[in-house]
Amino acid sequence: MRNAALLDTLEALIGPEIQASPIYHFNLKLAARHLALAESIAKTAGRRNPSIAATHYGFEVGQTPWHMDAIAGLRDSHQSKIVIAWIPLTPADPERGALRLVPRSHRLGVRSGPFPDDLIEQAKTIEAMPGDVVFMHNTLLHSASENRTAEEVRWACNFRYLPVGEANGRPYLPGFVARSRSAPETELTNPQVWLGMWTCALENLMQGELPVPNVATTTRARAAAITRRWSEAVPDERA
């Protein structure tokens, strides 16, 4: 997450004060045989098939539906300058599960689906290989195709970055300063400190004393108030 070449590019996009968001993922696309096995196990256990995403928060191991990443954050983060760095760890082509995105759709503002057909028809497919990085605006409309191979699993990292001081959308989880040209001493370089920050944040969540709001229904003003409250309660890297 602190790779120098990655941060150099991010600096050109969002400036020299870079915060790593607490929203990050490892994405996987299971192959046909694995999906069949998952469906069989889910049926036996009386559970929902994990290859079918009922909501954006579903365990999306099949085809990823069209969405904007911004909807995963509180509304006070919708105006933040958030950039996604999508990094394939295995080939991500149409056969294995490629990214599809709609150019310039970030200008539409934050929207949830379903999206009109004429918009989706403008989509472009991005074929990415290990060593590539795909940078996307937080409100860019995108999806990913299913993995059509028999045995392979497609893996990718999804990291998010934004200028220091802007709302990241999940104030109850710890972000950190990845680069600061003005105050390099604030950069987090110790992974054990980051682990401690996560431990404290999870303990706060388990205590249930502070609100964890529904991102879809919380107003922007209410979200900003919650962000301020959590920022006072959750220790940063200095603490």
Of those in segment 113-124 that are surrounded by 14 or more Cβ atoms within 10 Å (Cβ to Cβ) and without any contact (Cβ under 8 Å) to a residue 40 or more places away in the chain, the residue farthest from residue 29 (Cα to Cα) is 119
Checked segment 131-148 for anything outside any strand (DSSP E or B), of a type outside the set (Asp, Glu), touching a strand residue (DSSP E or B) at 6+ places or on another chain (Cβ under 9 Å) and surrounded by 15 or more Cβ atoms within 10 Å (Cβ to Cβ); matches are 133, 138, 140, 141, 145, 147
* Asked: Can we say residue 151 is of a type in the set (Asp, Glu), touching a residue at least 40 places away in the same chain (Cβ under 8 Å) and under 26 Å from residue 32 (Cβ atoms)?
  -> yes
The one condition residue 183 fails out of (1) farther than 15 Å from residue 15 by Cβ; (2) surrounded by fewer than 16 Cβ atoms within 10 Å (Cβ to Cβ) is (1)
Reported set for segment 194-239 where residues are among the acidic types (Asp, Glu), loosely packed, with under 14 Cβ neighbours inside 10 Å and either modelled with pLDDT under 85 or within 11 Å of residue 75 (Cα to Cα) (or both) is 209, 232
The lone condition residue 170 fails out of (1) in a strand (DSSP E or B); (2) within 15 Å of the chain's Cα centre (by Cα) is (1)
Per the filter on segment 101-112, residues touching a Leu at 6+ places or on another chain (Cβ under 9 Å) and either in contact (Cβ under 8 Å) with a residue 12 or more places away in the chain or surrounded by 18 or more Cβ atoms within 10 Å (Cβ to Cβ) (or both) are 101, 102, 103, 105, 106, 108, 111
For residue 128, state whether it is modelled with pLDDT of 95 or more and crowded, with 21+ Cβ neighbours inside 10 Å. no
Taking first residues from segment 212-234 that are under 17 Å from residue 166 (Cα atoms) and in a helix (DSSP H, G or I) and second residues anywhere that are at pLDDT 85 or above and among the small types (Gly, Ala, Ser), the pairs with Cβ under 6 Å that are 6 or more apart or on different chains are 227/167
If we keep only residues of segment 104-125 that are in a loop (DSSP other than H, G, I, E, B), small (Gly, Ala, Ser) and in contact with a Ser or Thr (Cβ under 9 Å, 6 or more places away or on another chain), then the residue modelled with the highest pLDDT is 123
If we ask which residues in segment 97-119 are farther than 30 Å from residue 151 by Cβ and either over 18 Å from the mean Cα position of the chain (by Cα) or of a type in the set (D, E, K, R) (or both), their number turns out to be 11
- Query: Does residue 33 meet the test of being part of a loop (DSSP other than H, G, I, E, B) and either modelled with pLDDT under 95 or of a type in the set (Ser, Thr, Tyr) (or both)?
  - Reply: no
Condition set over 18 Å from the mean Cα position of the chain (by Cα) and in contact (Cβ under 8 Å) with a residue 60 or more places away in the chain, scope segment 10-25, selection farthest from residue 166 (Cα to Cα): answer is 11
In segment 2-47, anything over 30 Å from residue 186 (Cβ atoms) and of a type in the set (Ser, Thr, Tyr) is listed as 40, 44
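The values are calculated or read from the model by the stated rules, or taken from the named source; none is laboratory data. From a predicted model like this one, the values you see are computed outputs, not experimental measurements. All Cβ positions, glycine included, derive from the backbone under ideal geometry; neighbour counts span all protein chains shown.
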